[in-house]
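To start, the structure under review is shown below, and the notes come after it.
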Amino acid sequence: MIGVVVAEGETQRSIVELAIAGDELAFARIVATHHDDMARIAYFVCGDRDIAEEAEQAAWAVAYRRLRDVRDPARLRPWLISVAANEARQIARSRRRRTVRELAVAKPTAPRDVDRAALMDLSNALSRLDPQDRAIVGLRYLAGFESAEIGHALGITAGAVRVRLHRLLGRLRKDLGDD
């Protein structure tokens, strides 16, 4: 199907409606808008670039098939990020392997006041969490989700999210010697 060119003023709702109707350009706009957020959360949840890329591709396939399930097009971003987090969690869990976390080598223009040892400690502490727990932390602090949104994405109550997040942060503080 030939895509319809969407004017700059088109709303999220109309872009989603066009994509549901089969407009490939509208879906491409959705991908372009949300790709980075989905990649970031997938990597955070699984901690492995290859698995994150696989999860992201799987998430886009799910999104394409299930776009009709989005009840409120204004909530598209949280829905897509939830799909990516769930795919990353499922793939990481199915692999059940420990990974070595890659740390990007700092560019010469990077701020000099960044504590590299602290970043490595945080990375190691996060890697010791299981994918479900990394999903909770990532959805909260990377994606900015509220407890109810995280609960909806992961199939648990908002109260359970708050309790688990509290325990996870305590565990991370303990691992990092930040009691």
Among all residue pairs at least 6 apart or on different chains, which show Cβ distances below 7 Å where the first residue, located in the range 64-82, is within 15 Å of GLY151 (Cα to Cα) and the second is of a type in the set (Asp, Glu)? PRO78/GLU149; ILE81/ASP37
Going through PHE27, PHE44 one at a time, which residue ends up being over 30 Å from ASP130 (Cβ atoms), buried (at least 16 other Cβ atoms within 10 Å of the Cβ), modelled with pLDDT of 90 or more and of a type outside the set (Gly, Ala, Ser)? PHE27
Looking only at the range 131-146, and only at residues there that are of a type outside the set (Phe, Trp, Tyr) and surrounded by fewer than 16 Cβ atoms within 10 Å (Cβ to Cβ), the one that is nearest to ASP36 (Cα to Cα): GLY144
Going by the conditions given, is ILE91 within 30 Å of GLY22 (Cα to Cα) and either at pLDDT below 90 or among the β-branched types (Val, Ile, Thr) (or both)? yes
All but one of (1) over 23 Å from PRO73 (Cβ atoms); (2) aliphatic (A, V, I, L, M); (3) free of Cβ contacts under 8 Å to residues at least 60 places away in the same chain hold for VAL45; which doesn't? (3)
Determine the pairs where a residue that is over 14 Å from SER82 (Cβ atoms) and of a type in the set (S, T, N, Q), located within the range 127-142, has a partner that is in a loop (DSSP other than H, G, I, E, B) and open to solvent by less than 30 Å² (accessible area, probe 1.4 Å) with Cβ atoms under 7 Å apart, the partner being 6 or more residues away or on another chain. SER127/GLY47
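The values are calculated or read from the model by the stated rules, or taken from the named source; none is laboratory data. In this text, all values refer to a predicted model and were calculated from it rather than measured experimentally. Note: ideal-geometry Cβ built from the backbone for every residue, glycine included; neighbour counts use all protein chains shown. Just the protein is used for accessible areas: all its heavy atoms, side chains included, with ligands, DNA and RNA removed. Shrake-Rupley method; radii C 1.70, N 1.55, O 1.52, S 1.80 Å.
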